[in-house]
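Notes follow the structure.
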Amino acid sequence: MLKKKIKNNKEIIGVFGLGYIGLPLALNFSKKKIKTYGFDTDIIKINKLNKSQSYLSNISSKEILKAKKNGFFATSDYSLVKKLDVIIICVPTPLTQNKKPDLRYIKSTLKSLLPFLKKYQLISLESTTYPGTTNEIILPELEKKGFEIGKNFYLSFSPERLDPGIKKVLIQNIPKITSGITTQCLQISSKIYQKVYKKVVKVSSTQAAETTKLLENVYRAVNIGLVNELKILTDKLNLNIHEIINAASTKPFGFVPFYPGPGLGGHCIPIDPYYLSWKAENVGIKTRFIKLAGEINSSIPKIIVKKIKNIFNKSKKRNYKILVLGVTYKKNINDLRESPGIKILDLLKKNKFKVSYSDPFIPKIPKLRNYNLNLKSVKVTTKLLKKSDLILIVADHDKFNYKFIYKFSKLILDTRGVYKTDLKNKIVYSFN
Ligand code: SAJ
């Protein structure tokens, strides 16, 4: 049944969660002329998409329009699930306040789907989560409905891999890991993903696929923590960590460069490792690297603000003016989730600095969980640069004119290593 539909490109796909992961995925299936519906609980997103408007910096409205011509549309009507053959879940997996896995979105999506599920459908979970989620949270609900997994219903886990803000790597060129509860589930899931991805990598179980994804992100968090710690050390030794990393990068094997920054942001890297450490604790294992990297990475914003306080606490002048350049969690995107830039703005304000920011992607900082900064992005003018006591580079967007900034600034704290030279002795490199 389902196999035949897939063979004839007649399957109907529903993508649940139209964020950084779900929307590009839905558009890619549409591009292949596969009937695709996008589901989301955010009506604003739904309306924008149905008016061919994009809300992601790396997706153009033209792409939405093109997908709509291929039959894509967005909805929050879950009863349409009964029309679907393939259900792909790309909803967020945040942490609770005490850094435990928060599966509320997976659970609420599943609950909304259940009444409309029918035989011969495939559910593929893509949300990053701890090993065992697919088997322990989704599988039992399907069996309670009487489905026989692998026979008249299929279930897989296939982690998303997308580097937000990097336009040059096309989604279809990123190898796609997939798995299944049974061989049949794996076969069907692979056939679906082969329509979009050039390379589909099959692994032996959903737990292996879940863990693969976590390894990829823990690897990043730990290595970023390593260079952030080495930055503090090399500052003390009066060495330039960026020069050292670039020199080490000439090693043609066995070394992948990571760079120190203002801290760790995004909806994945600061969060995913705690899904693995939580699972480890459940089986009595202490994952010390994860915890240590988390401590180091989350300490950086405070270290930077302490440095700024040290720079100014010698002279009498009060409420120094600090201009923060870039507040998103990394360059060239419009995402503030877990952004160290927000933490730094908040700490600067609490320490009585007169703070302003400029970010071409963030015209106004919205109210965020734990922060109400009430700031609007300002234009980087000669006047503003001249009257600012310090320029703090946090997200090194390519759109900034760094030459112009250098020319008219008094002092620049460069957390991203943007400036390779400092002829006028304006750059503060050290965080100590
Ligand atoms: N960062 C550093 N130094 C580095 C690299 C990153 O400080 O050398 C910081 C960034 O500024 C940012 C944070 O780490 O604040 C996370 O950046 P990231 O690029 O590592 O992660 P994301 O969340 O933007 O995207 C990642 C994907 N990125 C890359 O592989 C480069 C990938 O790990 C995942 O596919 C994706 O998250 C996901 O959805 O899991």
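Since every read-out is calculated from the coordinates, none of them should be taken as a lab result. Owing to the predicted nature of the structure, the values given are computational and were not obtained by experimental measurement. Virtual Cβ from ideal backbone geometry, glycine too; neighbours counted across all protein chains shown.
Summary table
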| item | result |
| --- | --- |
| Tilt relative to the chain, helix 104-113 - C-alpha long axis, 0 to 90 degrees, to 10 | 30 |
| Table column - 3J(HN,Hα) (Hz), region 414-419, Karplus curve with 6.51, -1.76, 1.60, x for Gly and Pro | 9, 7, 10, x, 5, 8 |
| J(HN,Hα) series, region 13-29, from Karplus relation 6.51 cos²θ - 1.76 cosθ + 1.60, nearest Hz, glycine and proline x | 10, x, 10, 9, x, 9, x, 4, 9, x, 5, x, 5, 4, 5, 5, 5 |
| Of K302/K367; K51/K99; K4/K48, those spanning more than 30 Å from alpha-carbon to alpha-carbon | K51/K99; K4/K48 |
| Using a Förster distance of 41 Å, the FRET efficiency for D77-K349 (Cβ separation, nearest 0.05) | 0.40 |
| Test item: Cα-centred dipole of the chain, Lys/Arg +1 and Asp/Glu -1 on Cβ, debye | 1560 |
| Given charges at Cβ of Lys, Arg, Asp, Glu: the chain dipole, positive-most of W278, F400, N70 | F400 |
| For K202, distant residues with modelled amide H under 5 Å away | T178 |
| Compactness of the chain - radius of gyration and Dmax, Cα, Å | 23.7, 78 |
| Share of alpha-carbon pairs per 10 Å distance bin for region 370-414, given as whole % | 24, 54, 19, 3 |
| Selected from F116, F29, F72 as most flexible by GNM, with the chain as the system and alpha-carbon contacts under 10 Å | F116 |
| Order of E126, E160 - criterion: other Cβ atoms within 10 Å of each residue's Cβ, fewest first | E160, E126 |
| Nearest 10 degrees, 0 to 90: helix 206-236 Cα axis against the chain principal axis | 0 |
| For region 193-283, radius of gyration divided by Kirkwood radius, i.e. Rg to Rh on alpha-carbons | 1.08 |
| V324 long-range amide H proximity, modeled H, under 5 Å | S356, Y357, S358, L392 |
| Distance between modelled label sites at K69 and S377, nm, 7 Å Cα→Cβ extension | 3.0 |
| Exposure proxy order (Cβ contacts within 10 Å, fewest to most) of D398, D102, D85 | D398, D102, D85 |
| 222 nm mean residue ellipticity, helices alone, for the chain (DSSP H n ≥ 4; -39,500 (n - 2.57); rounded to 500) | -11000 deg cm²/dmol |
| Per-residue ³J(HN,Hα) for region 245-254, Karplus 6.51 cos²θ - 1.76 cosθ + 1.60, θ = phi - 60°, Hz, x for Gly and Pro | 5, 5, 5, 5, 5, 6, 5, x, 8, x |
| Amide proton proximity set for I87, modelled H, under 5 Å, gap of 5+ | G14, L122, I123, S124 |
| Total lysine pairs under 21 Å (Cα atoms) in region 183-270, excluding pairs fewer than 8 apart on one chain | 7 |
| Charge-dipole axis of region 1-67 as Lys and Arg at +1 and Asp and Glu at -1 on Cβ define it, positive-most pick from I46, V15, F29 | F29 |
| Fluctuation leader among S60, S52, S388 - the chain, Gaussian network, Cα springs under 10 angstrom | S60 |
| Inter-site label distance for A208 and F404 at 7 Å from Cα along Cβ, in nm | 5.4 |
| Two-site label geometry, K7 and N173: point separation in nm, points 7 Å out along Cα→Cβ | 3.3 |
| Footprinting exposure proxy for Y274, Y371 (fewest neighbouring C-beta atoms within 10 Å first) | Y371, Y274 |
| Length-normalised contact order of region 336-432 in % [C-alpha pairs under 8 Å, at least 6 apart] | 19 |
| Unsatisfied cross-links (Cα-Cα over 22 Å) in the set K118/K144; K3/K151; K66/K364; K321/K379 | K66/K364 |
| Which of L237, V227, Y154, positive extreme of dipole for region 130-243 (C-beta unit charges) | Y154 |
